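Peer 1: My questions all concern the structure below.
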Amino acid sequence: GENVEQHPSTLSVQEGDSAVIKCTYSDSASNYFPWYKQELGKRPQLIIDIRSNVGEKKDQRIAVTLNKTAKHFSLHITETQPEDSAVYFCAATWSGGFKTIFGAGTRLFVKA
Amino acid sequence: EPEVTQTPSHQVTQMGQEVILRCVPISNHLYFYWYRQILGQKVEFLVSFYNNEISEKSEIFDDQFSVERPDGSNFTLKIRSTKLEDSAMYFCASSETSGAYNEQFFGPGTRLTVL
């Protein structure tokens with residue numbers, strides 16, 4: 001069935017450094033790839049997304065890249081700040097958008 | 001800014017009891033979803049709902065679960081005969097469209113504890 005693999009499970013960086021989180025998906029029919037940030041005890045919040053007809057998208061310190069051939073997509077956070085510390089989930093949407101599969105999450109620690 | 005709301009925020013129930021979790025999606029949204037997140041684990045898709053019927057469901061969403069849109073604003077998840085392993089945070093989400101423009105907005109969640 002559909003699956004999304006996410007790595008690493010934990011990532012610790014110094015403030016100001018970059019962080020990269022990688023995901024792969026199994027089904028080439030997926031067409032939409034959102035990234036969510038979840039702080040402790042809170043709801044997942046969309047931070048950036050990318051559609052299958054685009055290879056890269058950037059929003060200030062956050063960027064996402066998509067390689068459809070390899071079925072890889074990645075989140076890049078530059079100039080990390082302590083408030084970036086959270087769990088980040090990648091996801092992929094199938095079947096006309098009715099089903100979204102999440103990766104296992106990456107716990108990001110940004111050390112001041 | 002409009003938000004998805006959920007009630008209750010925390011529900012404690014005895015094993016074998018039925019629970020109903022309630023959600024009010026954003027008013028102009030047409031697609032509705034339920035997800036589950038066991039503590040410390042990933043968000044798991046349960047079901048999507050459009051035009052008063054289930055569009056897609058996961059293998060988790062068995063006969064124990066049902067969804068309903070009883071009126072123009074509420075979207076409910078019913079769990080019959082709860083089990084210990086149903087303890088989790090349940091998130092409702094809604095989106096205006098589906099497919100490639102499927103930005104889903106999540107509610108704050110209901111924490112279900114089954115004793």
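Peer 1: Quickly run through segment A:9-35 and pick out the residues that are touching a residue at least 60 places away in the same chain (Cβ under 8 Å) and crowded, with 16+ Cβ neighbours inside 10 Å. If you could, list the steps in order and put the result at the bottom.
Peer 2: Of the residues in segment A:9-35, the ones touching a residue at least 60 places away in the same chain (Cβ under 8 Å) are A:9-19, A:21, A:23, A:25, A:27, A:29-34.
Within segment A:9-35, A:L11, A:V13, A:A19, A:I21, A:C23, A:Y25, A:S30, A:N31, A:Y32, A:F33, A:P34 meet the criteria.
Peer 1: Assess whether B:L46 counts as being in contact with a Ser or Thr (Cβ under 8 Å, 6 or more places away or on another chain), more than 11 Å from chain A (Cβ to nearest Cβ) and either touching a residue at least 12 places away in the same chain (Cβ under 8 Å) or not in a loop (DSSP other than H, G, I, E, B) (or both). Show your work before the answer.
Peer 2: Working: in contact with a Ser or Thr (Cβ under 8 Å, 6 or more places away or on another chain): yes; more than 11 Å from chain A (Cβ to nearest Cβ): no; either touching a residue at least 12 places away in the same chain (Cβ under 8 Å) or not in a loop (DSSP other than H, G, I, E, B) (or both): yes.
Considered against the rule, which asks whether it is in contact with a Ser or Thr (Cβ under 8 Å, 6 or more places away or on another chain), more than 11 Å from chain A (Cβ to nearest Cβ) and either touching a residue at least 12 places away in the same chain (Cβ under 8 Å) or not in a loop (DSSP other than H, G, I, E, B) (or both), B:L46 comes out as no.
Peer 1: For segment B:1-25, what are the residues that are buried (at least 18 other Cβ atoms within 10 Å of the Cβ) and β-branched (V, I, T)?
Peer 2: Of everything in segment B:1-25, those that are buried (at least 18 other Cβ atoms within 10 Å of the Cβ) and β-branched (V, I, T) turn out to be B:V4, B:V19.
Peer 1: Any idea which of A:H72, A:H7, A:H76 is within 17 Å of B:V43 (Cα to Cα) and in contact with a strand residue (DSSP E or B) (Cβ under 7 Å, 6 or more places away or on another chain)?
Peer 2: A:H7
Peer 1: Do the conditions hold for B:L39, that is, is it part of a strand (DSSP E or B), of a type outside the set (V, I, T) and within 21 Å of A:P44 (Cβ to Cβ)? Spell out the reasoning first.
Peer 2: Numbers: part of a strand (DSSP E or B): no; of a type outside the set (V, I, T): yes; within 21 Å of A:P44 (Cβ to Cβ): yes.
For B:L39, the condition - part of a strand (DSSP E or B), of a type outside the set (V, I, T) and within 21 Å of A:P44 (Cβ to Cβ) - is not met.
Peer 1: Then there's this: If we keep just the residues of segment A:25-35 that are more than 10 Å from the chain's Cα centre (by Cα) and outside any loop (DSSP other than H, G, I, E, B), which is farthest from the other protein chains (Cβ to nearest Cβ)? Spell out the reasoning first.
Peer 2: Let us first name the residues in segment A:25-35 that are more than 10 Å from the chain's Cα centre (by Cα), namely A:25-32.
Filter again for outside any loop (DSSP other than H, G, I, E, B), leaving A:25, A:32.
On the way: A:Y25: 14, A:Y32: 5 Å.
Out of the qualifying residues, it is A:Y25.
Peer 1: So, in segment B:42-59, of the ones that are under 17 Å from A:V4 (Cα atoms) and aliphatic (A, V, I, L, M), which residue ends up farthest from the chain's Cα centre (by Cα)?
Peer 2: Applying the filter and picking the extreme gives B:V43.
Peer 1: Shifting gears a bit: Can you tell me which of B:E85, B:E59 is outside any strand (DSSP E or B), of a type outside the set (K, R), within 10 Å of chain A (Cβ to nearest Cβ) and exposed (fewer than 13 other Cβ atoms within 10 Å of the Cβ)? Don't jump to the end; show me each part of the working.
Peer 2: Values: B:E85 fails: within 10 Å of chain A (Cβ to nearest Cβ).
Only one candidate qualifies: B:E59.
Peer 1: Let me ask something else about it. Find the residue count for segment B:88-115, including only residues that are closer than 22 Å to A:G41 by Cβ, touching a Phe, Trp or Tyr at 6+ places or on another chain (Cβ under 7 Å) and not in a strand (DSSP E or B). Explain how you work it out, then say what you get.
Peer 2: To start, the set of residues in segment B:88-115 that are closer than 22 Å to A:G41 by Cβ comprises B:88-94, B:104-115.
Subset that is touching a Phe, Trp or Tyr at 6+ places or on another chain (Cβ under 7 Å): B:90-94, B:104, B:106-107, B:109-110, B:112.
Subsequent filtering for residues that are not in a strand (DSSP E or B) retains B:104, B:107, B:109.
Qualifying residue count, segment B:88-115: 3.
Peer 1: Is one or more of the residues making up segment B:21-43 among the small types (G, A, S) and touching a Ser or Thr at 6+ places or on another chain (Cβ under 6 Å)?
Peer 2: Going residue by residue through segment B:21-43, those that are among the small types (G, A, S) are B:27, B:40.
Filter again for touching a Ser or Thr at 6+ places or on another chain (Cβ under 6 Å), leaving none.
The answer is no, given that none of the residues of segment B:21-43 is among the small types (G, A, S) and touching a Ser or Thr at 6+ places or on another chain (Cβ under 6 Å).
Peer 1: What are the residues in segment A:38-80 that are farther than 26 Å from B:Y33 by Cα and small (G, A, S), if any?
Peer 2: Result: A:G55, A:A63, A:A70.
Taken together, the values in this text are just the output of simple stated rules run on the coordinates, not laboratory data. Computed from a predicted model, the values in this text were never measured in an experiment. When we count neighbours, we look across all protein chains shown, and the Cβ atoms used for this are built from the backbone with ideal geometry, even at glycine.
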